[in-house]
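What follows is calculated from the coordinates using simple rules that are stated; it is not laboratory data. Just so you know, these numbers come straight off a predicted model, no measurement behind them. Neighbour counts run over all protein chains shown; Cβ positions are idealised from the backbone, glycine included.
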């Protein structure tokens, strides 16, 4: 009863003042659900969605946008290489995956990916060398592939 009386008299005025003062701070609020197209990860995620649904050309464009924001993003080069591989553009796929490896030679999945691109290109000896390199780095997919052969 006391609260109800307070709200009826001065409470709404105080509440209105609080909301008025809080408004400028609310304008600075960053909603994490709102995408930031200036973030390379946004474009990596978008490219991944395009690739998931088979739209590899759109995926390539998204990865290019990620690289425009961060030219040293090895994952963007790797993902773009995979997309080019799916498009059958194997020479360009090799260019991109070689950039990924040049930026981060510690990722076994990059060698495994290059092995598959080389295999699709009919370059069996080079493909086997890359499968072996990935396996030596502990890549379970490469180990399984080599054990099957």
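If you take the beta carbon distance between residue 95 and residue 129 as r and set R0 to 25 Å, what does 1/(1 + (r/R0)^6) give as a FRET efficiency, to the nearest 0.05?
On the way: r = 18 Å, r/R0 = 0.73.
Computed FRET efficiency for residue 95 and residue 129 comes out at 0.85.
Work out, step by step, the length gained on full extension between residue 148 and residue 86: first 0.36 nm times the residue separation, then minus their alpha carbon distance; give nm to one decimal. Let's see the in-between values first.
Working: separation 62, 0.36 × 62 = 22.32 nm, distance 2.34 nm.
Using 0.36 nm per residue and subtracting the Cα-Cα distance, I get 20.0 nm.
If you take the alpha carbon radius of gyration of the stretch 39-105 and divide it by 2.2 N^0.38 Å, what ratio comes out, to two decimals? All intermediate terms of the calculation are to be shown ahead of the outcome.
On the way: Rg = 10.5 Å, N = 67, 2.2 N^0.38 = 10.9 Å.
Against the compact-globule rule of thumb, the ratio is 0.97.
Suppose the chain between residue 140 and residue 39 were pulled fully straight at 0.36 nm per residue; how much longer would it get relative to their current alpha carbon spacing?
Values: separation 101, 0.36 × 101 = 36.36 nm, distance 3.15 nm.
Contour length minus Cα-Cα distance gives 33.2 nm.
Could you state the principal axis extents of the C-alpha atoms in the stretch 107-149, from the largest down, to the nearest angstrom?
The Cα atoms of the stretch 107-149 stretch 24, 22, 12 Å along their principal axes.
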